[in-house]
Amino acid sequence: MKIKIETDNYSKEIDVYGKDGFKTLAEIWIKAACQQKVMYEPTWLGIPIIQFPEDILMMQELLWKVRPDVIVEAGVAHGGSAVFYASILEIIGKGRIIGVDVEIRQYNKVAIKSHPMSKRIQLIEGSSVDTAVFNKVLSLIKKGEKVLVVLDSNHSYAHVKKELELYHGIVSNDSYLVAMDGAQGLVWDIPSGKKEWKEDNPLRAINEFLDEHQDWEADANFNRLPVTSNPKGYLKRKN
């Protein structure tokens, strides 16, 4: 089966069953899904999670593989991701979440703190790139604990670049640094998108980080489902 794709800038025919066609269809789906705000639909154990289902599945695989003692999450929002991570840690039988957000609204605090998984979640209110906040995060991590970091707060290039530089040093050698929402650079041209996203996005920060830190690489295994908000977002140190 072949279909014709037309935009303002080009026209091409793709084989939907071919590798390139599949990639193109995935990109189109991401654009359409972002326009329809599909990522706002899922909840995890009753709390909005704001992720694509494919990314939820990949994070489950990652946490089961790494089995971290501590997950530092920059960007709490409603708390669904923190509850999700905590539920996986509950099954594993260990671990806790340190959630950082510049503003955690009262109704979200209440929802998180009243949730059965709250016993594994600690919240810090403040900017993830503020030195005092970062030092507080450090003070909550014990020597020898396996640390995994998830960056999902302000998705601007400058902010993510600062987060990558600040937090990569606390990630354990056998763990991961996950930088989310690089797909913002793909959806700048959808009707609800913003032109500045074409350059001002996490993926640009990720690419620069990888260029400047040759001991880190993107693990393509966790991008094998091409519908994702997190292209090249699963970072690990090279062996």
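Values in this text are rule-based calculations from the coordinates and carry no lab data. This structure is a prediction, so every number in the text was calculated from the model and none was measured. Note: ideal-geometry Cβ built from the backbone for every residue, glycine included; neighbour counts use all protein chains shown.
Worth a mention:
- Cα→Cβ-extended label distance, 7 Å offset, between residue 19 and residue 41, nm: 3.0 nm
- Residue 32 paired with residue 221, simple spin-label distance in nm, labels 7 Å along Cα-to-beta-carbon: 3.2 nm
- Cα gyration tensor category, rounded, prolate or oblate, for region 23-126 with a/c compared to 1.5: oblate
- Prolate/oblate/rounded call for the chain, Cα gyration tensor, a/c under 1.5 rounded: prolate
- Cα centroid of region 170-218 to Cα centroid of region 37-107, whole Å: 19 Å
- Considering helices alone, the calculated mean residue ellipticity of the chain at 222 nm is -10500 deg cm²/dmol, with DSSP H runs of length four and up weighted by -39500 (n - 2.57) and normalised per residue.
- Tensor-based shape of region 73-130 (alpha-carbon gyration tensor, a/c under 1.5 rounded, otherwise prolate or oblate): oblate
- Legend: residue pairs 4/194; 119/161; 198/232, Cα-Cα distance threshold 20 Å; pairs beyond threshold, 4/194; 119/161.
- Calculated FRET efficiency, residue 6 to residue 105, Cβ-Cβ distance, R0 = 35 Å: about 0.25 to the nearest 0.05.
- Legend: ranking of residues 76, 187, 38 from fewest to most surrounding C-beta atoms inside 10 Å; resulting order 38, 187, 76.
- Sites residue 143 and residue 208, calculated FRET efficiency, Cβ-Cβ separation with R0 45 Å, nearest 0.05: 0.90
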